[in-house]
């Protein structure tokens, strides 16, 4: 089953805000463009790469599955 991008965006935003990390800070920690974080959280990017999601998960110190569920 393919992950729903809206769920990924919601999960990402929830985890990020719970950890008190700004979008800008996360983009720097994950070495991912700020626009990518903003787009993912808005649910407008239907095709994030595994590499991008892995970088974000590592920066947030969570399992990638926590973002994808």
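The values are calculated or read from the model by the stated rules, or taken from the named source; none is laboratory data. Being a predicted model, the structure only gives us computed values, none of them experimental. Neighbour counts are summed over all protein chains in view; Cβ atoms, including those assigned to glycine, are modelled from backbone coordinates with ideal geometry.
When we screen 45, 11 for residues that are outside any helix (DSSP H, G or I), in contact with a helix residue (DSSP H, G or I) (Cβ under 7 Å, 6 or more places away or on another chain) and either at pLDDT below 95 or farther than 13 Å from residue 59 by Cα (or both), the only hit is 45. Picking from residues in the range 11-29 that are touching a residue at least 40 places away in the same chain (Cβ under 8 Å) and crowded, with 16+ Cβ neighbours inside 10 Å, the one that is nearest to the chain's Cα centre (by Cα) is 12.
Taking first residues from the range 33-48 that are surrounded by fewer than 16 Cβ atoms within 10 Å (Cβ to Cβ) and partners that are in a helix (DSSP H, G or I) and modelled with pLDDT under 80, the Cβ contacts under 7 Å between residues at least 6 apart in sequence or on separate chains come to 46/5. Comparison of 64, 21, 56 shows that the only residue that is modelled with pLDDT under 95 and either closer than 18 Å to residue 6 by Cβ or in contact with a helix residue (DSSP H, G or I) (Cβ under 9 Å, 6 or more places away or on another chain) (or both) is 64.
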